[in-house]
Amino acid sequence: MSSKVPVRQLTEAELHQFEHEGYVVAEEILPPDELQPVIDELTHEIDVRAHELLAEGELTDLHADAGFETRLALLSRETSAVADAIWSGVLHGPAIFRLITNPRLLAIAEQLAGPEIVASSVYRLRPKIPHYGRGEVPWHQDSGYFEPYCDNDLVVTMWLPLVDATVANGCLYVIPGSHRSPVVRHTLSKDGSYLQIDPKEFPRTGKRVACPVTKGGVLLMTNRTAHASFANTTEQVRWSMDLRYQNAALPTNAGITRFPREAVFDAASGVPVACYPPEADFLVRSRLRPAEVVTDPARFMEIREKHEKRSVTDRFGLRGTEAVTAG
């Protein structure tokens, strides 16, 4: 963490907006030098895969001189294989781990979810590439992907761009106040890649609001806040990650010590193994069990790679579809 820049916590006004509207854009959270390692790691991953595809004859131009905001877009004109190989939660390198565990983000997570914090298994890399089929994400609530047991608890989404996110390149849109309603029915999107809110259930709580975020800022949402993103109409990639945090008292597969009044897996009584069982949670901040906090990137990678995947409750009758585990 950059020692020269003080940790910024949410103001009372920001906390009030998050509570009452289900979202808030908090600018100037992460200084550039704390995002650069992730950008460097992604640049390396792209370069490795591009060289592999070139050697296999599936790519003819490495576009090695292109910058971070343009190279993946140029590569994707010829093949989607590079983007497919890094999409979503596939990568778990040390820079990504250090971003998830960044004290600046954990300070905000603690304000919203309390001092005992689990990093939810659902973290995603979102390169919104011009003219790329998976770039647009329909209206949904994150809880649509999670266990119903966790619907009424808070799983904080921190959506953070690695470049400036604008209306033109595909920033997120939210429906303020939609988090005050229950989780509504979701169906499959037209291409089958995502869940989307059933049109018959679409929230009528307020207008749709665009949420541009500058690099270093964070869009905070609850797990019931309806949100979407649309086409990137520029020629550059809108890079972003969405991270999620929850109180350790909620169902978790992190394998940590449990204390009284914390949820423990019990199929008979309906307590799930985690709010999102397909992937592995891990403890990132704790006063009650400090020795169990994951601080080593290698341990993080091991947890991710050795996790035994479990299915989410098929609440919408969509078993077997990709979108059920897409997140």
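The values are calculated or read from the model by the stated rules, or taken from the named source; none is laboratory data. Since the structure is predicted, the reported quantities are computational estimates derived from the model, not experimental observations. Methodologically, a virtual Cβ is constructed for each residue, glycine included, from the backbone with ideal geometry; neighbour enumeration extends over all protein chains shown. Surface areas here come from the heavy atoms of the whole protein model, side chains and all, with no ligands, DNA or RNA. Shrake-Rupley method; radii C 1.70, N 1.55, O 1.52, S 1.80 Å.
So here's what we get for this one:
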{"quantity": "Residue check for residue 62: in contact with a Phe, Trp or Tyr (Cβ under 7 Å, 6 or more places away or on another chain) and modelled with pLDDT of 90 or more", "calculated": "no"}
{"quantity": "Looking only at the range 231-251, and only at residues there that are more than 17 Å from the chain's Cα centre (by Cα) and among the hydroxyl-bearing types (Ser, Thr, Tyr), the one that is surrounded by the fewest Cβ atoms within 10 Å (Cβ to Cβ)", "calculated": "233"}
{"quantity": "Lone unmet requirement of (1) open to solvent by 40 Å² or more (accessible area, probe 1.4 Å); (2) part of a loop (DSSP other than H, G, I, E, B); (3) touching a residue at least 40 places away in the same chain (Cβ under 8 Å) for residue 130", "calculated": "(1)"}
{"quantity": "Residue among 45, 58 that alone is more than 23 Å from residue 160 (Cβ to Cβ) and touching a helix residue (DSSP H, G or I) at 6+ places or on another chain (Cβ under 7 Å)", "calculated": "58"}
{"quantity": "Among the residues listed as 57, 22, the single one being small (Gly, Ala, Ser), out of contact with any Cys (no Cβ under 9 Å at 6 or more places or on another chain) and open to solvent by 40 Å² or more (accessible area, probe 1.4 Å)", "calculated": "57"}
{"quantity": "Filter result for residue 24 (of a type in the set (Val, Ile, Thr), assigned to a helix (DSSP H, G or I), in contact (Cβ under 8 Å) with a residue 24 or more places away in the chain and touching a strand residue (DSSP E or B) at 6+ places or on another chain (Cβ under 8 Å))", "calculated": "no"}
{"quantity": "Residues of the range 209-226 that turn out to be over 25 Å from residue 102 (Cα atoms) and surrounded by 14 or more Cβ atoms within 10 Å (Cβ to Cβ), as a count", "calculated": "2"}
{"quantity": "Helices (runs of 4 or more DSSP H) completely within the range 59-100 that count 1 or more residues being out of contact with any Gly (no Cβ under 8 Å at 6 or more places or on another chain) and among the β-branched types (Val, Ile, Thr)", "calculated": "81-86, 94-100"}
{"quantity": "Breaking point among (1) within 14 Å of the chain's Cα centre (by Cα); (2) assigned to a strand (DSSP E or B), for residue 138", "calculated": "(1)"}
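Here is a yes/no grid of residues against (1) closer than 19 Å to residue 26 by Cα; (2) in a strand (DSSP E or B); (3) hydroxyl-bearing (Ser, Thr, Tyr):
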| site | (1), (2), (3) |
| --- | --- |
| 187 | no, yes, yes |
| 192 | no, no, no |
| 204 | no, no, no |
| 220 | yes, yes, no |
| 223 | yes, no, no |
| 234 | no, no, yes |
| 251 | no, no, no |
| 255 | no, no, no |
| 261 | no, no, no |
